[in-house]
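Asks: So that we are looking at the same thing, I have put the structure below in C-alpha cells.
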DNA sequence: GTCTATACCCGGATAGAC
DNA sequence: GTCTATCCGGGTATAGAC
C-alpha cells in the first residue's frame, strides 16, 4: 500500500521529467540513473536498453492522450482543444511519442485505436476525413511546437478555420 | 564556366547525400569531410560549425519547395500533389527543414513567404485557412514519413478528403 | 540489485605546422 | 586551405565482485 513505486515506474517518471525538462538529448542512461540515485549500469537490471525506456514513454503518452480524448465531450472543437492542450503541456513527450516509428508489437493493444475513436465519432465514421483531421491537428501542433508560425500569427484562428472546414466541408 | 563547385556548395551537396542516404545521424563533420576527400578540421575554413551546414540545407530545401510550388499550376489539388511529392522524394531533408527552429535572421528573405503564397492564392487570401491547410499537408506528410498510418491505410484517400474539405468547407 | 571498472564507440572543435 | 595531433566531451553496454 505504501506509495513506493517499483523501479520501472520510477524510470518512466524520471525519464519523463528529464525529457520534458531538458529535452530529448537529456534522456540518457547516465542521467536517468543519476536522478534515481543509482549508477547507469544498474538500469539494465530493469530495462533492456534505452530504446525500451522510450517505448514505455510513448506508450504512456498515447494512453494519456487517448484517455483525455475519450473523456472529453464529443465533437471536433472539443477534440481540438484537448489534443492541442495536451501537446502543449507535454511538448517533448508529444514529439517523442509521435515521431518514433512506433513498434506495434510492443505497444499495448488498443491504445492507438482509443486515440482515434473520438475523431471517428465526430466525423460520422469517415475514416479518410478522420485521418486528414488528425493530420491537421498533428501538423498544427508540430508547427506550433517548432516555432514555425510567423511571429504575429493567430494560431487560435488557424485552428478555428481548420476545424470549421473539416466540419462543414 | 567549368563546373567545379566551390567548397561551400560541395559541402551542401555531400551533406545532402549523407542526410538522405544514411539519415540524420550520418551528418557529421567527419563524414562530410570524408566524402569530400579531406579531413574534418578543414571544414572549419568554410563553415562556422555543424549548425551552419544544417542551416544551409534548410535554406536549400525551402527554396526548392517554394520554387516547385510557385511553378505548379494553381489550385489546392496541385499544391497537395507537389508538396507531398517533394517531401516523399526528400524525406530527411524535409524533416530537417521543417523541424528545426528556423533562425529567421540567417534565412534568405522571402524564401518562407514564397512557399506560402501559392496556398494563399488557392484559398482566396484566407490566412487562417491557409495555415490550417499547410498544417494538414505537413501533418499528412510527417505521419506518412514516420510510418504512423495503420498498415492498410489509404493515404491518397486521406489527402483527397482533406483537400476537398478545405476547398468546400 | 547495486556497485566499480572498463571496453568500446562516437561526436565537435582547436592549435599549430606546412 | 589542408594537414596531424590532440583535447574534450559524450554515449551504450558488459563483466564480475559484493
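Just so it is clear, none of the values below were taken in a lab; they were calculated from the coordinates. Everything quoted here is computed from the prediction, not taken from an experiment. Every residue, glycine among them, receives a Cβ derived from its backbone with ideal geometry; neighbour counts consider all protein chains shown.
Asks: Counting only other chains, and only Cβ atoms inside 10 Å, what mean value do you get across the residues of A:150-157?
Replies: So the per-residue partner count for this stretch is 3.
Asks: Another question about this same structure. Kindly provide log₁₀ I(q)/I(0) values, in the same order as q = 0.09, 0.15 Å⁻¹, from the Debye equation applied to equal alpha-carbon scatterers of chain A.
Replies: The Cα Debye sum returns log10 ratios of -0.37, -0.89.
Asks: Is the shape of region A:95-169 best called rounded, prolate or oblate, per the rule: a/c under 1.5 gives rounded, else a/b larger than b/c gives prolate, else oblate, with a ≥ b ≥ c the square roots of the Cα gyration tensor eigenvalues?
Replies: Working: a/c = 3.33, a/b = 1.26, b/c = 2.64.
The shape class here is oblate.
Asks: Of B:34, B:114, B:58, which has the largest mean-square fluctuation in a 10 Å C-alpha GNM of chain B?
Replies: Per the Cα network of chain B with a 10 Å cutoff, B:34 tops the list.
Asks: Output the 0 to 90 degree angle, nearest 10, between the alpha-carbon long axis of helix A:111-122 and the longest principal axis computed from the alpha carbons of chain A.
Replies: Helix A:111-122 and the main axis of chain A meet at about 20 degrees.
Asks: A follow-up question, please. Would you mind giving the three semi-axes, in whole Å and largest first, of the ellipsoid equivalent to region B:41-140 according to its Cα gyration tensor?
Replies: That gives 28, 14, 12 Å for the three semi-axes.
Asks: May I ask for the distance between the Cα centers of region B:45-76 and region A:13-36, given as a whole number of Å?
Replies: So the two Cα centres are separated by 34 Å.
Asks: State, to one decimal in nm, how far the label point of residue A:88 lies from the label point of residue B:35, with both points 7 Å from Cα in the Cβ direction.
Replies: Distance between label points: 3.9 nm.
Asks: Could you work out which residue, out of B:23, B:147, B:66, moves most in a Gaussian network model of chain B, that is, has the largest mean-square fluctuation with Cα springs under 10 Å?
Replies: B:147
Asks: Helix-derived [θ] at 222 nm for chain A: sum -39500 (n - 2.57) over DSSP H runs of at least 4, divide by residue count, nearest 500?
Replies: -22000 deg cm²/dmol
Asks: So what does log10 I(q)/I(0) come out to for the protein assembly as shown at q = 0.06, 0.08, 0.14 Å⁻¹, using the Debye formula with one equal point on every Cα and no solvent?
Replies: Log-scaled intensity ratios, in q order: -0.25, -0.44, -1.21.
Asks: Copy-to-copy spacing for residue A:44, label 7 Å out on the Cα-to-C-beta vector, in nm, shortest first?
Replies: Inter-copy label distances (nm, one decimal, shortest first): 3.4.
Asks: What is region A:127-166 by shape, rounded, prolate or oblate, if you read a ≥ b ≥ c off the alpha carbon gyration tensor as root eigenvalues and call it rounded for a/c under 1.5, prolate for a/b larger than b/c, and oblate otherwise?
Replies: oblate
Asks: Cα-based Rg (one decimal) and Dmax (whole number) for region A:1-84, in Å?
Replies: Reported Rg and Dmax, both Å: 15.7, 48.
Asks: Would you kindly state how much longer the chain becomes between residue B:24 and residue B:153 on full extension, computed as 0.36 nm times their sequence separation minus their alpha carbon distance, in nm to one decimal? Don't skip to the end; give the middle numbers.
Replies: Working: separation 129, 0.36 × 129 = 46.44 nm, distance 2.70 nm.
Roughly 43.7 nm would be gained on extension.
Asks: What is the helix-to-structure angle for B:50-71, meaning the angle in degrees between its Cα long axis and the longest Cα principal axis of chain B, kept from 0 to 90 and rounded to the nearest 10?
Replies: 40
Asks: Next up: For each of B:36, A:166, count neighbouring Cβ atoms within 10 Å of the residue's Cβ, then give the residues from fewest to most.
Replies: Placing the least packed residue first, the sequence is B:36, A:166.
Asks: Over chain A, what is the relative contact order in percent, taking alpha-carbon pairs closer than 8 angstrom and at least six residues apart?
Replies: Working: 137 pairs, mean separation 35.8, N = 169.
For chain A, the relative contact order is 21 percent.
Asks: So, one more: Assume the label is 7 Å from Cα along Cα to beta carbon: what separations in nm does residue B:67 have to the matching positions in the other copies?
Replies: Those label-point separations list as 5.0 nm.
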